[in-house]
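Below: one structure in structure tokens.
The values are calculated or read from the model by the stated rules, or taken from the named source; none is laboratory data. Fair warning: this is a prediction, and the values are worked out from it, not measured in the lab. Reconstructed Cβ throughout: ideal geometry from the backbone, glycine too, with neighbour counts over all protein chains shown. Only protein heavy atoms, including side chains, enter the accessible area calculation; ligands, DNA and RNA are left aside. Shrake-Rupley method; radii C 1.70, N 1.55, O 1.52, S 1.80 Å.
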Amino acid sequence: MNTTRLGALAHEDQSLHALAERLLALAEAGLPAMYLPDAETFVFTRAGVASPEGTPVLEQRGTSTRYAAITALGARFLPEERQRALFGGRTAEEFTGVLVERLPGVVNLGDAALIAWAAAETGHPKLSDALGRVAVLDVPGRPQYTVEAAWVLSALAAARAVVDVEERLAAARGRLLAARVGDSPLFPHATEPGLVPGYRSHVACFADQTYPLQALARLHASGDDPEALAAADACAARICELQGDGGQWWWHYDAREGGVVEGYPVYSVHQHAMAPTALFDLAEAGGTDFGPAIRRGLRWMTDVPELADPTGNPRESMIREDFGVTWRKVYRGDPKKAVRAARGLTTRVAPHARLAPLDRIFRPGAVDRECRPYEFGWMLFAWLGGIQR
């Protein structure tokens, strides 16, 4: 297990180190309840509902191949016996094998790319088969969602030491770098027009930033690529510059000029996992160290200004050991995501418009009481992982 990231956190802030350890313990305790042994996969979500007696309970809903692969990517850093507790007796590598065998039935590029990435990281013998399925789904010249294009690049970068993927790697790299709009350091929601309606084609989410910057950093770490590292660094610098006063990682950005379109919801997974793992990977690949921003974001998990009462005390905790979850997000509670829609439409023609009255009408004090496996998978990846140049 790589403990460098946790060790550095202990040196910088003992209270945050204790918080990270608490969250990691919660991830290990919560993931077994998300695993479906008969189906050999993970649920899509566990959602808080009221029982017939009126007491709160968690309800399992759906399944997710994507979340299963992310869980394998994170859990591989645990000692083997603790991996088996998460996968019904299997190790992360053995569970990845289950996912690889199912690849002929996988039709989503992002799902296939994550499985291939997990196969590369766990040293699975059928890595070439996994990469073959990615190639089938990644049709040349077809626009892709940026997140999925980033996962393709991460998978290929992880595989290049054992499989000849250089031609495909160059194409995936070029696609991601070319997706940016003008001189903006941020990434759009899709690599080319055609997937996103024109009126909101300028709106990109937080995941559209973290996964590309992570992939480009890992690409540089796998083989010297200063241009990729510079692009990752520029993206990271911009989202860190825009980070909220309470450590919030905002949700929607204008990919054309690098501003925030709409801040809410604030997702727990961004705070404790996705931002840390991307920024850690960047620093370890030779980029800028954004440690203070990582720590500010992590602290939000306990110091949530959106949930503070008039005296400053929290009305509700985002961390629930009694349920084995972290609650998914804090949001406005606006009907049909009205604020995001209004700001998306307005900023299409007036990039810096804020529509400030919406902030007074729809205050962000609602909690989405659900938790998904990938939140814990990326948490393990973020704090137990690490890359070597």
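For the range 121-152, give me each residue that is β-branched (Val, Ile, Thr) and more than 23 Å from the chain's Cα centre (by Cα).
If the condition is that a residue be β-branched (Val, Ile, Thr) and more than 23 Å from the chain's Cα centre (by Cα), then VAL136, VAL139 are the ones that fit.
Something else now. Any residue that is out of contact with any His (no Cβ under 9 Å at 6 or more places or on another chain), touching a residue at least 12 places away in the same chain (Cβ under 8 Å), part of a helix (DSSP H, G or I) and over 22 Å from GLY386 (Cβ atoms) - is there at least one of those in the range 80-98?
Within the range 80-98, one or more residues are out of contact with any His (no Cβ under 9 Å at 6 or more places or on another chain), touching a residue at least 12 places away in the same chain (Cβ under 8 Å), part of a helix (DSSP H, G or I) and over 22 Å from GLY386 (Cβ atoms).
Only one of GLU262, GLU306 is in contact (Cβ under 8 Å) with a residue 40 or more places away in the chain, in contact with a His (Cβ under 7 Å, 6 or more places away or on another chain), within 17 Å of GLY244 (Cα to Cα) and among the acidic types (Asp, Glu); which? It would help to see each step written out before you state the result.
Working: GLU306 fails: in contact with a His (Cβ under 7 Å, 6 or more places away or on another chain).
The conditions single out GLU262.
Now for a different question. Which residues, taken from the range 311-326, are in contact (Cβ under 8 Å) with a residue 60 or more places away in the chain, in a loop (DSSP other than H, G, I, E, B) and buried (at least 18 other Cβ atoms within 10 Å of the Cβ)?
Within the range 311-326, PHE323, GLY324 meet the criteria.
Something else about it: Can you tell me which residues in the range 176-227 are of a type in the set (Asp, Glu) and closer than 22 Å to VAL261 by Cα?
ASP183, GLU192, ASP208
So, one more: Just to be sure before I move on: is VAL139 at pLDDT below 95, of a type in the set (A, V, I, L, M) and out of contact with any helix residue (DSSP H, G or I) (no Cβ under 8 Å at 6 or more places or on another chain) in the structure I sent? If you could, list the steps in order and put the result at the bottom.
Values: at pLDDT below 95: no; of a type in the set (A, V, I, L, M): yes; out of contact with any helix residue (DSSP H, G or I) (no Cβ under 8 Å at 6 or more places or on another chain): yes.
Here the answer is no, as VAL139 does not meet what is asked.
Just wondering, is there one or more residues in the range 48-63 that are within 19 Å of THR91 (Cβ to Cβ) and of a type outside the set (Val, Ile, Thr)? Full working, then the answer.
To start, the set of residues in the range 48-63 that are within 19 Å of THR91 (Cβ to Cβ) comprises none.
No, every residue in the range 48-63 fails to be within 19 Å of THR91 (Cβ to Cβ) and of a type outside the set (Val, Ile, Thr).
State the number of residues belonging to the range 185-231 that are part of a helix (DSSP H, G or I) and either in contact (Cβ under 8 Å) with a residue 60 or more places away in the chain or crowded, with 23+ Cβ neighbours inside 10 Å (or both).
Residues flagged as part of a helix (DSSP H, G or I) and either in contact (Cβ under 8 Å) with a residue 60 or more places away in the chain or crowded, with 23+ Cβ neighbours inside 10 Å (or both) within the range 185-231 amount to 20.
Quick check on my filter: what residues within the range 135-167 are out of contact with any Ser or Thr (no Cβ under 7 Å at 6 or more places or on another chain), closer than 20 Å to HIS189 by Cα and not in a loop (DSSP other than H, G, I, E, B)?
Result: LEU137, TYR145, VAL147, GLU148, ALA150, TRP151, VAL152, LEU153, SER154, ALA155.
Sticking with this structure for a sec: Sort through ALA234, ALA285 and tell me the only one that's among the aliphatic types (A, V, I, L, M), over 16 Å from the mean Cα position of the chain (by Cα), under 30 Å from ALA161 (Cβ atoms) and open to solvent by 40 Å² or more (accessible area, probe 1.4 Å). Write out each step before concluding.
On the way: ALA285 fails: open to solvent by 40 Å² or more (accessible area, probe 1.4 Å).
Answer to the selection: ALA234.
OK, next. Take the range 170-184 and flag every residue that is aliphatic (A, V, I, L, M), open to solvent by less than 50 Å² (accessible area, probe 1.4 Å) and assigned to a loop (DSSP other than H, G, I, E, B). If you could, list the steps in order and put the result at the bottom.
Kept after step one, since they are aliphatic (A, V, I, L, M), are these residues of the range 170-184: 170-172, 176-179, 181.
From what's left, open to solvent by less than 50 Å² (accessible area, probe 1.4 Å): 172, 176-177, 179.
Correct list: ALA179 only.
Please specify each residue of the range 1-51 satisfying the condition of being over 21 Å from LEU78 (Cβ atoms), open to solvent by less than 50 Å² (accessible area, probe 1.4 Å), over 22 Å from the mean Cα position of the chain (by Cα) and of a type in the set (A, V, I, L, M, F, W, C).
Correct list: ALA39, VAL49.
Taking the conditions exactly as written (assigned to a helix (DSSP H, G or I) and not hydrophobic (A, V, I, L, M, F, W, C)), does GLU59 satisfy them or not?
No.
Here is a follow-up. Filtering the range 288-306 down to residues that are in a loop (DSSP other than H, G, I, E, B) and in contact with a strand residue (DSSP E or B) (Cβ under 9 Å, 6 or more places away or on another chain), which residue is most open to solvent (accessible area, probe 1.4 Å)?
ASP303
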